[in-house]
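Here the structure is laid out as structure tokens; the discussion comes afterwards.
The values are calculated or read from the model by the stated rules, or taken from the named source; none is laboratory data. Predicted model, so just to flag it, every value in this text is computed and none were measured. All Cβ positions, even for glycine, are placed from backbone atoms using ideal geometry, and neighbour counts span all protein chains on display. In case anyone asks, the SASA skips ligands and DNA or RNA and just uses the protein heavy atoms, side chains included. Shrake-Rupley method; radii C 1.70, N 1.55, O 1.52, S 1.80 Å.
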Amino acid sequence: PRLVMVINSVQRSLVLRKADDNIGGIVPRILPIVANFLARAALVISRPDDAMYVSINRYFLKSESEHGAFQDMHRLPAFIALFCSASEDSEQSRNERIWALHLLRDGLLDTSCYRLVAACHAPELLLSSFENVRLLQISDDSRATEYCLLLESINAIIDHGGYGAHRDLIKRQGLISWMRTLCTSPSLTESFPNLKTRVSFCNLVKSLIRITSCTPQLRSTLLVLEVCGLIEPVTSLLCPLERRTTTEGKKFQSLIQSSLDALNEIAMLLSKLKDEGIKYSEVHPLGAALTTSLEVLHCTDTSMQIKVLEL
């Protein structure tokens, strides 16, 4: 009965949209992120023992207008209610946040999705959430999981949100400066407690720099200083974990690969900016420290030895 309720709700909404828009025989389009929500909700609502069952069921029961028609065809469904959960149960609150982040990470596929995301100020919420997660009384593994999802959600916005997302995050909200701050305050180890969080951060750097390199409107003299400010943090990501992770073989290889990919994107962008008239003398002092560079070379050498042993 609950699944039928969801299907009927969506059907009523499509009928109403078709009538209001006067589009004849054309079936109204459901945006990807809304479709993703409905698919996930259908899975949850068909399993009463699911941790999200009560939350999702409550969401649909609130749709009383228009005979229960689904109301969020042009809004990001339930994101604010779930991400900013008001549940008094800390575990349930975390379940709702994680569910909302999965929706954002997997459902944002084009610029139309980003418009819904931006309308509810989701990007700002993501950027301001890292400190909140750090202060939560949860295990290191749980904290790392949320960090990864936050980074991957931001990456999805950069990859699929289009120029509007790039302009908002990079120029208006200072994403690059925020990323540098994330690496220095409170500390690198606290911000990135395990390999996966570091890989996620490096992947975000790679996506961000690649987009910036391809978008002339985003490039400026200030951008050079911001980008070079990422060199030291990205390089340092390899070092503190070196002793703990070299025994993990392939996982450590993925960190080295993602770090080097990010540094390569930075190098190519700086080369392009130099060709456009930006002098390297302005940015050279912001490169990685010699001690950090030597540590990275040591890590890479150790990793190569592990790879040989695995073969």
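Filtering the range 168-177 to residues that are under 14 Å from Asn155 (Cα atoms) and either surrounded by fewer than 14 Cβ atoms within 10 Å (Cβ to Cβ) or of a type in the set (A, V, I, L, M, F, W, C) (or both) leaves Leu169, Ile170, Leu175, Ile176. For the range 179-191, the set of residues classified as surrounded by fewer than 17 Cβ atoms within 10 Å (Cβ to Cβ) and touching a residue at least 12 places away in the same chain (Cβ under 8 Å) consists of Thr184, Pro186, Thr189, Glu190, listed by residue number.
Take Ser85 and tell me if it is open to solvent by less than 50 Å² (accessible area, probe 1.4 Å) and part of a loop (DSSP other than H, G, I, E, B). Steps first, please.
Numbers: open to solvent by less than 50 Å² (accessible area, probe 1.4 Å): yes; part of a loop (DSSP other than H, G, I, E, B): yes.
Criteria met by Ser85.
Within the range 208-234, being within 21 Å of the chain's Cα centre (by Cα) and among the β-branched types (Val, Ile, Thr) holds for Ile209, Ile211, Thr212, Thr215, Val227, Ile231, Val234. Screening the candidates Thr235, Thr247, Thr197, Thr300 for the property of being surrounded by fewer than 19 Cβ atoms within 10 Å (Cβ to Cβ) and modelled with pLDDT of 55 or more yields one hit, Thr300.
A residue that is open to solvent by less than 60 Å² (accessible area, probe 1.4 Å) and either farther than 22 Å from Ala78 by Cβ or over 16 Å from the mean Cα position of the chain (by Cα) (or both) occurs nowhere in the range 101-110.
Scanning the range 28-82 for residues that are open to solvent by 60 Å² or more (accessible area, probe 1.4 Å), within 27 Å of the chain's Cα centre (by Cα) and not charged (D, E, K, R) returns Leu43, Val54, Gln71, His74, Ile80, Ala81. Scanning the range 117-138 for residues that are in a helix (DSSP H, G or I), open to solvent by 20 Å² or more (accessible area, probe 1.4 Å) and in contact (Cβ under 8 Å) with a residue 12 or more places away in the chain gives Ala118, Ala119, Glu124, Leu125, Leu127, Arg134.
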